[in-house]
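First the structure, in the form of structure tokens, and then the observations on it.
The values are calculated or read from the model by the stated rules, or taken from the named source; none is laboratory data. Note that the structure is predicted; figures quoted are calculated from it, not measured. Cβ: placed from backbone, ideal geometry, glycine included. Neighbour counts: every protein chain shown. The protein model used for the area step is the full one, side chains on, heavy atoms only, and it has no ligands, DNA or RNA in it. Shrake-Rupley method; radii C 1.70, N 1.55, O 1.52, S 1.80 Å.
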Amino acid sequence: MEITGPALVSLFTGYSAAYQGGFNGVTPTYTQIAMTVTSVTRSNEYGWLGKFPRMREWIGDRVINALGKHGYTIRNRSFESTIAVDRDDIRDDQVGIYTPIFSEFGRSAAVFPDELCWALLQDGASTLCFDGQNYFDTDHPVILEDGSEGVFSNDLGGAGTAWYLVDTSRAIKPLVFQSREPFRLTRMDDDTSPAVFSKKEFQYGVDGRCNVGFTFPQLAIRSRQTLNAANYEAARAAMIGFKADHGLPLGIVPDTIITGPTLEGAAKAIVQSTLVNGGETNPWAGTAKHMMSPWLA
């Protein structure tokens, strides 16, 4: 192929189509545990996390919830990935060998939020949330019904492989995916560019800005105890019992159990099998859907 301006435009058009095909050909899973927030600046402040919204009887004046009481900022981060196409491959009409790579390039960009969100969930026991505690912790602060200060736990301990119960039914999910600049494919393929001159490489890159964070710790619970019916029941009861400040019920009901591949069978036996123990009715069948994430391997 003769390397000309129009030829390079046509080449980029083909590679862009492969990239977009790979991007559109995969369904990310992060949306099931994370709400997406569009960011328009370098960082976003989530002071409203200090109050779990709920209704109250209107007696006297309105009670104004101070949403800025807790400071929690998610600062956007920049991410990129770049590949090079050898100039000789273009001249020798070998450009087609790169098409699958650009398709995988698109797929990688589409699932990158999965990488961030699932990694954050795994690190929840060592990552702070808005109340100053790790997201999965045993002493999240809460104001008790009598006005005194208390704590609640969304980490049930244990020493085995972690599994999670979450409430995904609300507009606010346990995690935030904050998108500042969506990932896009760009090119540096001018024949006079430094990369072409020095390395005879036409470079194509994907870049974007985003980040992830946590919302309310009441929306998820972690356990490293053996995944069985008894421990599932205990985790479910703990979440349903979570209360807001002053002892007000939150009405949380976990609807999803999340595991990695090694606990997939145990989770399905609890929430999908209708019969257990050789014929007994399984009381937990259908109480939650199971989600297996390979990112938790």
For V253, project a label point 7 Å along Cα to C-beta. Then give me every residue of segment 157-183 with its amide nitrogen under 15 Å of that point. 166-170
Take the eigenvalues of the Cα gyration tensor for the chain, scale each by 5, and report the square roots as semi-axes in whole Å, largest first. 46, 26, 14
Kindly provide the helix-only [θ] at 222 nm of the chain, computed as the sum of -39,500 (n - 2.57) over DSSP H runs of four or more divided by all residues, to the nearest 500 deg cm²/dmol? -8000 deg cm²/dmol
For N24 and D191, extending 7 Å from Cα along the Cα-Cβ vector and measuring point to point gives, in nm, a value of 3.3 nm
Starting from the Cα of T13, step 7 Å along the direction of its Cβ; do the same at D146; then give the gap between the two resulting points in nm. 7.6 nm
Less than 11 Å Cβ to Cβ from D88, Lys/Arg counted +1 and Asp/Glu -1: what total charge do the surrounding residues give? -2
Add +1 for every Lys or Arg and -1 for every Asp or Glu among the other residues with Cβ under 10 Å from the Cβ of T168, and state the total. +1
Along the Cα→Cβ direction, 7 angstrom out, place labels at E233 and T31. What is the inter-label distance in nm? 3.7 nm
Where a Cα-Cα gap under 19 Å defines reach, which aspartates and glutamates qualify for K268, not counting those fewer than 8 residues away within the same chain? D167, E233, D255, E280
Show which aspartates and glutamates lie in cross-link reach of K199 when reach means a straight Cα distance below 19 angstrom and same-chain residues fewer than eight apart are skipped. E2, D86, D88, D89, D92, D93, D189, D190, D191
Could you pull the accessible area for I270 with a 1.4 Å probe, rounded to 10 Å²? 10 Å²
Per the C-alpha gyration tensor (a ≥ b ≥ c, the square roots of its eigenvalues), segment 99-194 is rounded if a/c is under 1.5, else prolate if a/b beats b/c, else oblate; here it's prolate
